[in-house]
Amino acid sequence: MLDQLYILPILLFSVVVHELAHGWMALRLGDTTARDMGRLTLNPIPHIDPVGSIFVPLFSLLVAGRVFIAWAKPVPVNPLNFSDYRRDDILVSVVGPISNFLLAFVCTVIVILLAVITPLLHSSNSVLNELMTFLLKMFAGGISLNVVLGVFNLIPIPPLDGSHIVASLLPEEAGERYRSIGFFGILVILLLMRWPPFNMLFMEIIQMLTYPFQVLIHVFV
């Protein structure tokens with residue numbers, strides 16, 4: 001388990017950026033709720049969910065040796081402040097997963113830079129060498145991690161971001177009924193993730209979206 005701890009810093013940062021992106025887009029669309037509650041910050045403390053940000057990742061590391069998923073506290077959004085509820089709800093929802101795909105690209109660039117810089121250092125300092133190795137592993141892991149977070153949150157089952165997109169595209173009454181599933185949808189998601197056909201499809205999508213980043217690394221390294 002200890003050799004997998006490198007993933008925790010980038011995991012925490014990624015889920016914080018994901019929620020920050022929701023709040024930022026809501027603010028752009030006229031809703032100041034997240035800003036007024038101090039959630040438009042990279043400081044992880046206001047965003048940490050004891051279960052999703054700490055317990056679940058550590059439990060996954062302990063049991064399976066790797067982190068499957070994690071989440072931060074959802075950023076508060078008041079849709080009554082939107083000028084176009086359906087359009088704006090979709091924009092606020094989709095920007096979270098987009099932020100994860102952008103982070104995957106940033107991690108890719110950092111991996112390329114680290115891979116180029118590390119051999120040039122030729123350091124006999126073991127601490128520096130271990131630090132560079134840690135950073136390389138962390139950002140390399142951050143690529144697939146952020147792709148997983150992005151794809152997972154686009155699953156169209158409440159309360160994930162994808163469900164907001166689907167609900168906003170449905171007729172109003174049907175959309176409200178769909179949203180009312182709420183956190184019971186988590187049970188459905190957990191069952192789906194254990195269903196081999198769905199799990200296989202999910203992993204194929206992850207591999208497909210991770211491949212361009214891997215190609216980019218191979219081109220420059």
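The values are calculated or read from the model by the stated rules, or taken from the named source; none is laboratory data. As the structure is a prediction and not an experimental result, all values here were calculated from the model. Virtual Cβ from ideal backbone geometry, glycine too; neighbours counted across all protein chains shown.
Only one entry in Leu12, Leu61, Leu27 is crowded, with 16+ Cβ neighbours inside 10 Å, assigned to a helix (DSSP H, G or I) and modelled with pLDDT under 85, namely Leu61.
Scanning the stretch 169-210 for residues that are loosely packed, with under 11 Cβ neighbours inside 10 Å and among the aromatic types (Phe, Trp, Tyr) yields one hit, Phe183.
Which residue is nearest to Val15 (Cα to Cα), if the candidates are limited to the stretch 72-99 and must be of a type in the set (S, T, N, Q) and crowded, with 18+ Cβ neighbours inside 10 Å? The qualifying residue nearest to Val15 (Cα to Cα) is Ser99. In the stretch 179-207, the residues that are outside any helix (DSSP H, G or I) form Cβ pairs under 9 Å with partners that are not small (Gly, Ala, Ser), at six or more places apart or across chains, as follows: Ser180/Pro158; Ile181/Ile157; Ile181/Pro158; Ile181/Pro159; Ile181/Val188. Suppose the filter is crowded, with 18+ Cβ neighbours inside 10 Å, within 21 Å of Ser144 (Cβ to Cβ) and hydroxyl-bearing (Ser, Thr, Tyr); does Ser53 pass it? Yes, satisfied. Across the stretch 100-144, the qualifying residues are those that are among the hydroxyl-bearing types (Ser, Thr, Tyr) and surrounded by 12 or more Cβ atoms within 10 Å (Cβ to Cβ), and the one among them that is farthest from Leu11 (Cα to Cα) is Ser123. Restricting attention to the stretch 30-58, and to residues there that are assigned to a helix (DSSP H, G or I) and among the aliphatic types (A, V, I, L, M), which single residue is modelled with the highest pLDDT? The qualifying residue modelled with the highest pLDDT is Ala34. Cβ-Cβ contacts under 8 Å between residues 6 or more apart (or on different chains), taken from a first residue in the stretch 4-22 that is closer than 15 Å to Val75 by Cα and among the hydroxyl-bearing types (Ser, Thr, Tyr) to a second residue that is modelled with pLDDT of 90 or more and in a helix (DSSP H, G or I), are listed as Ser14/Asn100; Ser14/Leu103; Ser14/Gly142; Ser14/Leu145; Ser14/Asn146; Ser14/Leu149. Of all residues in the stretch 142-166, those that are in contact (Cβ under 8 Å) with a residue 24 or more places away in the chain and farther than 16 Å from Ile186 by Cα total 9.
Whenever a residue of the stretch 101-120 is of a type in the set (Gly, Ala, Ser), it has no partner that is assigned to a helix (DSSP H, G or I) and exposed (fewer than 15 other Cβ atoms within 10 Å of the Cβ) lying with C-beta atoms less than 7 angstrom away and at least six residues away or across chains. At pLDDT 75 or above, buried (at least 18 other Cβ atoms within 10 Å of the Cβ), small (Gly, Ala, Ser) and within 21 Å of Val148 (Cα to Cα): does that describe Ala21? For Ala21, the condition - at pLDDT 75 or above, buried (at least 18 other Cβ atoms within 10 Å of the Cβ), small (Gly, Ala, Ser) and within 21 Å of Val148 (Cα to Cα) - is met.
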